[in-house]
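**Q** Before we start, here is the structure in question, set down as structure tokens.
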Amino acid sequence: VPALPDPLTEEAANALSSRLSDSEVRALLLDQLNAQASDTGAQDAEIGDLLFHATTGAFSSITEAVERLPMLFTEQGKAFANFGRFVGTNGLWSLAGYFVMVLIGALIVELIFRRFIRRWLVLPKVAGTSPSLRDAVGPLAIRLTSEILSVVVFIVAAQQITQWAVPQYYHPFITLVGPWLIGLPRLAVAVSRFLMAPTAPAYRIVYADDATARAIVFHMFWFGFLIGLGAVILPFNAANGVPQGETRIGFWSNLSVHVYVAIVLWIYRDACVKMMRGSDPAVSPIEDWIARAFPYFGIIVAFGTWWIVNIVASFENWALLQSAPHYKTLGLLIFAPAMDTAIRGLVRHLVPPMSGEGPIAERAYVATMRSYVRIGRVIVFGCVLIAIGSFWGINATTVATAGVGERFAARLIEFLMILAIGYLVFELVSLFINRKLAAEQTASGYDPENEEMGGGDGGGAGGSRLSTVLPLILGVSQATIAIVFLLLALGNIGVDTTPLLAGAGIVG
């Protein structure tokens, strides 16, 4: 088979074809067709493999864990028995005594530290009206930082006391339990107290009543505890004669976290709706629908991430799960109402006051506020997509050499990112033109309640050429942006946009 020139330019191709015989041309054509068929077959095999792991493989991973459930209790007892034989009966009592000693010593060190920062741990009293979001975030952030530093001081003190006063063979147990079963739940509580302020309603960032705020803080503690328990039990079993995949205890630990999140979302679904709506009474129908759908969407995401974990387990890609991307994804879901509240608060502070007077100026001001809120949501949505992609190892450097599963996930994220950017441009252009239109109509004295002042159908007295042309410019711009970015997004996932582009050209 003749070799193709490298690089294959038009001149090199013409020169090659002029000197090849018919048999050589046929051989070269067959060779290229066979290579293309081989690539297509490999890609089809990868797609089939992905579909298998996403359905049958994930289901097999679940059934395997169920089948090994009786073994879970016996093997867990074996791990505890091996640990008991290793340290002995006296050793267990010694371990308990050392653990209590380390705990008390670390708490004393933390209490001494908290005495130095006690004024940062208490929120200032509010006189009169509640502080604005900007005024509330400062004290809350100081308290959050102080609480995190207190936990860090506790963990460091516990590690130092362990190194100085505890025998060497007890170190792994104490250093494993402290950060995960004590430190992580306390950090979860600190973050939830920052958002919910259960004892200081005036500083509460998320719109919720006192009972809901206290309940969220309570459940965040147990959410962190369940994650920490899974992080402790797996290495404990592996160190005591029970391999991690032997009992599939990691499956049940992960399932308990996702089920717990789904149950909390279901029990507090009405409170979640109120959080997403916020305190602003002017909620659009779409925003109201999103708020009502949020708890159910959260439940779907909780079980969806659990299913993705089973797909990854079916691929036996345990290294990806070690960084806990599913828990990080759930964390972003839990803090969605707080992010939305922060967006609305920032818009109230950053949007300039209403310019002009009259119904046109008021309507323009409300529309501007809503546009900025939507822009903020799109930006946060894009950042969340990028963060989720990084959690699951999807970035520009890994996708190039990844399998079809990673490429599919990356294209899906890129598709959503293109739509988000397109919507952002759509809102910015609409915001700019609407503000110009409102300024023109306000200056001309146009009153929407009295169409005669606007000159009837044609604009007439008080109108201007710019106020007549701007609505047309707005419609054309919105249509152009929507079509262009939709075609870009579809082309990114492999859809042939040539027929759509031809049809759009005819309509244009």
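The values are calculated or read from the model by the stated rules, or taken from the named source; none is laboratory data. Remember, it's a predicted structure, so these values are computed and weren't measured experimentally. For neighbour counting, all protein chains shown are included, and Cβ atoms are generated from backbone atoms with ideal geometry for every residue, glycine included. Note: areas computed on protein heavy atoms with side chains; ligands, DNA, RNA excluded. Shrake-Rupley method; radii C 1.70, N 1.55, O 1.52, S 1.80 Å.
**Q** Please work out how much length the chain gains when fully extended from Phe303 to Trp266, using 0.36 nm per residue of separation minus the C-alpha to C-alpha distance, in nm with one decimal.
**A** Details: separation 37, 0.36 × 37 = 13.32 nm, distance 1.29 nm.
Taking Phe303 through Trp266 to full extension adds about 12.0 nm, to one decimal.
**Q** If Lys and Arg each add +1 and Asp and Glu each add -1, what is the summed charge of the other residues whose beta carbon sits under 14 Å from the beta carbon of Val283?
**A** Working: positive: Lys274, Arg277, Arg292, Arg344, Arg370, Arg374, Arg377; negative: Asp280, Glu287, Asp288, Asp340.
Here the charged neighbours net out to +3.
**Q** Using a cut-off of 14 Å between beta-carbons, work out the net charge of the residues near Glu316 (Lys and Arg +1, Asp and Glu -1, Glu316 not included).
**A** Working: positive: Arg248; negative: Asp49, Glu64.
Local net charge: -1.
**Q** For the stretch 246-266 and the stretch 196-242, what is the separation of their Cα centres, given in Å?
**A** The stretch 246-266 and the stretch 196-242 have Cα centres spaced 14 Å from each other.
**Q** Counting each DSSP H run of 4 or more residues in the chain as -39500 (n - 2.57), what helix-only mean residue ellipticity at 222 nm follows after dividing by all residues, to the nearest 500 deg cm²/dmol? Walk me through the numbers before you get to the answer.
**A** On the way: 20 runs with 389 residues, N = 508.
Value at 222 nm, helices only: -26500 deg cm²/dmol.
**Q** Hey, another quick one. Go ahead and run the numbers for FRET between Ala367 and Arg115, Cβ-Cβ distance against an R0 of 30 Å, rounding to 0.05. Let's see the in-between values first.
**A** Numbers: r = 52 Å, r/R0 = 1.75.
Plugging the Cβ-Cβ distance into 1/(1 + (r/R0)^6) gives 0.05.
**Q** For Rg and Dmax of the Cα atoms in Å, one of (1) 23.5, 89; (2) 30.8, 98; (3) 25.8, 107 was computed from the structure I shared and the rest are decoys. Which label?
**A** (2)
**Q** Let me ask something additional. At 7 Å along the Cα-to-beta-carbon direction for both Ile421 and Arg19, put a label point, then send me their distance in nm to one decimal.
**A** 4.5
**Q** Over the stretch 161-232, average the accessible area per residue using a 1.4 Å probe and give it in Å², no decimals. Can you show the working numbers first?
**A** On the way: 3170 Å² over 72 residues.
On a per-residue basis, the stretch 161-232 sits at 44 Å².
**Q** Sticking with this one: What helices does the chain hold that run 15 Å or longer along their axis, going by alpha-carbon atoms, with a Kyte-Doolittle average of -0.5 or more, using DSSP H for the helix calls? Intermediate results must be reported in sequence, preceding the final value.
**A** On the way: long enough: 22-52 (44 Å, -0.09); 69-116 (52 Å, 0.92); 133-165 (47 Å, 1.02); 184-196 (18 Å, 1.28); 210-239 (44 Å, 1.36); 249-267 (27 Å, 1.62); 285-315 (43 Å, 1.08); 336-350 (21 Å, 0.35); 359-391 (48 Å, 1.07); 404-443 (58 Å, 0.98); 465-492 (40 Å, 1.71).
What comes out of the filter, once short or polar helices are dropped, is 22-52, 69-116, 133-165, 184-196, 210-239, 249-267, 285-315, 336-350, 359-391, 404-443, 465-492.
**Q** Accessible area of the chain with a 1.4 Å probe: how many percent of it is carbon plus sulfur? Write out the running numbers ahead of the final one.
**A** Details: 19420 of 28990 Å².
Taking all protein chains in place, the chain shows 67 percent carbon and sulfur surface.
**Q** Related question: Any idea what the relative contact order of the chain is, in percent, if you count C-alpha pairs under 8 Å spaced at least 6 apart? Write down the numbers at each step before the final one.
**A** Values: 456 pairs, mean separation 63.3, N = 508.
Answer for the chain is 12 percent.
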